[in-house]
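Structure first, commentary second.
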Amino acid sequence: MTFGEFAQESLWLTALHLAVASATSIHVLLRKRDVRAAIGWIGVAWLSPIFGAALYFAFGVNRVHRKARRLRGVSRFRTPSGPDARELSPQDRLASAVGAVTGVDRVDGTVESILQSGDEAYPVMLRAIEEARATIELSTFIFRTDEAGQPFVEALADAHRRGVAVRVLIDGMGGGYFKSAAYRALRRRGVPAARFLHSAWPWRMPLLDLRLHKKALIIDRRTAFVGGLNIAAENVLARPTRTPVRDLHFRVTGAVVDQIADSFDEDWTFTTGADVPETPSSSPSDGPRARAIVSGPDQAVDRLVLVLLSAVSSARKTIRIATPYFLPDERVLTALQVAALRGVEVRLVTPAVNNHRLVAWASDAHVRPLLEAGCRLYRSPPPFDHSKLMTIDDVWCLIGSANWDSRSLRLNFELTVELYEAKLATRLSELIVSKCSAPLTLAELDRKPLPLKVRDAAARLMSPYL
């Protein structure tokens, strides 16, 4: 190659780099709200010719919101109406805020029973399936055909044979990407079943990160079972397994079941393309107020984050949280810090032994600001505790499938239920406190060897993807 040819080629490459880096910078400036992230990506685009831009468009572009909205439609805020907020109690202001965020009204809803792990939940759920007369809808993240899951396959198949309209929705990743034994077993028995966002060919998947994390069993549109419980043998503590999981599930009745069922219908129609016939709604009653909160990357706003922020800001006495994974963004951390600084007792409990080591490491590097602000952090003793609970002032509580991490708050399709019932909230607060075993202190974090501190801090950098 002559010098002139080399110079000409260099000129073309330089021009290409300038064009690509400029286009990338414009995209970053228009799309990235986080200033630090924007500066970082612009630097990568300019300092690493071509490769930096490719890296940004592969990993830095948030396709989750735009792709999911295109797939499922866009949700917007609802303008609040009613009395002046200054005239409302903190609880009523919270209800108004959540209503504005979700666009859903509060209805009656009662937790009939709190079920401990699969030991208590599975027999009750199986009996409800056996007693169903009209419809059964099941949505789950994990569904195995082991000694715990096979009875569900048989019970659902029996219900289908006797004329009950059964529909089962299993996540395309959590239910087994390459082979979903439960899906195949149900289909062999003629049960209508589908896999949420799944294709045998990875390039046909809209996004591998989008997951249906909801756990809901709806019987005759009158009773719903919701919470964090998957269908697998490790959830039955009476049968020892290598990785036992403690969890909670809730039997719910009332008009809120219609909202839970509507969420299933939306997911089913999206997955299968089949229209769902209209069903009569439950008659309202004077029971405790409740509301189903559907969240996911198809929302125009960070719906669940805004619900959590509204709840935290409404607290006057106590905030109690139990979650298996704690890696929220800085907005949520700051809200909890501020609550503690204004005198609210903030108590958070996470498992002493986690089933995801990276999450546990990242969490230890994430919680220092909470400890410094006076929040109380605890570990729950083994086995691994998968429960997800939140209470405010012993008058409001949140149950469901969502964890306090970026995946649940940003990537997963989740189902939670808020309940305005003091008796239930007090009981759940007592459950959270009973899980608190060893406290986590600043001194304990400081005693960690430097290599472990570096490991934890490095794991925290991956928190948006854990």
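The values are calculated or read from the model by the stated rules, or taken from the named source; none is laboratory data. Everything quoted here is computed from the prediction, not taken from an experiment. Every residue, glycine among them, receives a Cβ derived from its backbone with ideal geometry; neighbour counts consider all protein chains shown. These area figures cover heavy atoms from the full protein model, side chains too; ligands, DNA and RNA do not enter into them. Shrake-Rupley method; radii C 1.70, N 1.55, O 1.52, S 1.80 Å.
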inquiry  = Test of understanding: given the chain, find the longest segment containing no GluC sites (Glu not before Pro) that are in a DSSP loop and have at most 15 other Cβ atoms within 10 Å.
reply    = 279-466
ask   = Given only helices, namely DSSP H runs of n ≥ 4 each adding -39500 (n - 2.57), what is the per-residue ellipticity at 222 nm of the chain, to the nearest 500 deg cm²/dmol?
value = -13000 deg cm²/dmol
task = Taking the chain as the reference, fit the longest principal axis to its C-alpha atoms, fit the long axis of helix 63-72 to the helix C-alpha atoms, and give the angle between the two in degrees, 0 to 90, nearest 10.
result = 40
note = Carbon and sulfur atoms account, in whole percent of the 1.4 Å probe accessible area of the chain, for 57
remark   = For the chain, longest principal axis from Cα atoms; helix 90-102 axis from its Cα atoms; angle between them, nearest 10 degrees, is 70
query = Want the number for Gln150 to Lys317: 0.36 nm per residue separation, take away the alpha-carbon distance, what's left?
reply = 55.6 nm
inquiry  = Past 24 Å, Cα to Cα: identify those pairs from Lys215/Lys388; Lys32/Lys388; Lys317/Lys388; Lys214/Lys453, in the order given.
reply    = Lys32/Lys388; Lys214/Lys453
request  = Can you tell me the FRET efficiency between Arg188 and Gln116 if r is taken as the Cβ-Cβ distance and R0 is 51 Å, rounded to the nearest 0.05?
outcome  = 0.95
inquiry  = At 1.4 Å probe size, what's the solvent-accessible area of Tyr420? Round to the nearest 10 Å².
reply    = 20
ask   = Angle between the Cα long axis of helix 3-31 and the longest principal axis of the chain, 0 to 90 degrees, nearest 10?
value = 30
key: Ranking by accessible area, most exposed first, for Lys435, Lys453, Lys32 with a 1.4 Å probe   = Lys453, Lys32, Lys435
query = Excluding Val164 itself, what net charge comes from residues whose Cβ is under 11 Å from its Cβ, given Lys and Arg +1 and Asp and Glu -1?
reply = -1
remark   = Expected unfolding gain across Thr243-Leu47 under the 0.36 nm per residue rule, minus the alpha-carbon gap, is 66.0 nm
request  = Leaving out ligands and nucleic acids, note down the accessible area per residue over the chain with a 1.4 angstrom probe, in whole Å².
outcome  = 47
query = If each of Arg427 and Leu461 carries a label point 7 Å out from its Cα toward its Cβ, how far apart are those two points in nm?
reply = 4.7
query = Can you give me the relative contact order of the chain as a percent, contacts being Cα pairs under 8 Å and 6 or more apart?
reply = 16
task = When a/c is below 1.5 the answer is rounded, else prolate if a/b is larger than b/c, else oblate, so apply that to segment 262-391 with a ≥ b ≥ c taken from the square roots of the Cα gyration tensor eigenvalues.
result = prolate
ask   = For segment 358-378, list residues with backbone N below 20 Å from a point placed 7 Å from the Cα of Glu330 toward its Cβ?
value = 362-375
request  = Looking at the chain, send over the antiparallel percent of its DSSP beta bridges, to the nearest 5.
outcome  = 60
remark   = Length gained, Ala443-Leu126, 0.36 nm per residue minus C-alpha separation, equals 109.4 nm
request  = Would you work out the relative contact order for segment 327-466, in percent, from Cα pairs under 8 angstrom that are 6 or more residues apart?
outcome  = 31
task = Using a 1.4 Å probe and ignoring any ligands, DNA or RNA, find the accessible area of Leu309 and quote it in Å² to the nearest 10.
result = 40
message = Contact order normalised by length for segment 106-249, with contacts defined as Cα pairs under 8 Å and 6 or more residues apart; what percent is it?
response = 33
